[in-house]
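Data block below; observations after.
The values are calculated or read from the model by the stated rules, or taken from the named source; none is laboratory data. Bear in mind the structure is a predicted one, so any value in this text is a computation, not a measurement. For neighbour counting, all protein chains shown are included, and Cβ atoms are generated from backbone atoms with ideal geometry for every residue, glycine included.
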Ligand code: AMP
């Protein structure tokens, strides 16, 4: 999934991942040798991990999580829709480092797709995902089916107002209600101490943080920086939909963000100039249909008129062919340093928490 050029089972390595991968290979080798209890350091505590469990039933995942809590184990949770790539695995690696147990959910949530979107064709390589998660030291996968998660005539939803009507919410009006509803349900079924969300989906991250604050969910939300391909394209399960020409064109999102970052680094503070430059970069790519490019407040996501407060967030979204792509980056113009786009990040660890 980390790009259609990838014919091997697993994603290609990106510089900086070598050590971690070596570790995973060793772990894998030890599993092959049927040494199922391997010494492991997590959350600063060396302990043993047992075989990864694959759980389909919601009562079972709740009981397992509760049992671990009663044993005073710190628990991390990484919600995903599967089709895993290095972006997801970077969340998992941090969850593993910060907790004694971590659970990943794999569930393609129907309620966050509108009719005509890619719910049916969403890639579901379950066996491969399990293998990647086993390599990443995951303790349990929660992989329910839709009937398990939504009772017939399910009629309750969780909705965050304001933040959800902007940007992606304007383009996909029912999307975020689907996200907040399923994440609420997952937080009830997997009562973890912390949950890991990618900055790749920045608006989603902010909406989840708001929901957790407003509804007093007893869980800490940990943001994780975006993992990119070597040419800057943010890794995404949807990149697999792109043909080679589209894949090449898709770097335009990163280039547009970077053009704004560079202008700020050169001292530009006029948001109109930044946006004009982003539009100009986008117009040069005929395969790209821009939905929006914006410089926004990091919390309210409201568009900014001038660069008074720092950091700010640059957002961009649009279509390459029929594939909807989004990206974003932080811009810290006071310090005149680049946001998380100045280097191609692999999964080196989280940015400062919000
Ligand atoms: P998804 O499977 O697309 O729902 O994504 C599951 C989680 O992985 C979400 O918190 C995403 O923000 C995160 N994620 C997806 N792509 C990336 C990426 N390239 N870098 C970091 N996190 C990512």
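Annotations
- Residue in region 93-101 that is modelled with pLDDT of 95 or more, under 14 Å from the mean Cα position of the chain (by Cα), assigned by TED's automatic domain parsing to the domain that holds residue 169 and within 9 Å of the ligand (Cβ to nearest atom) present: no
Matching residues to (1) in contact with a strand residue (DSSP E or B) (Cβ under 6 Å, 6 or more places away or on another chain); (2) farther than 22 Å from residue 166 by Cβ:
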site	(1), (2)
198	yes, no
268	no, yes
276	no, no
285	no, yes
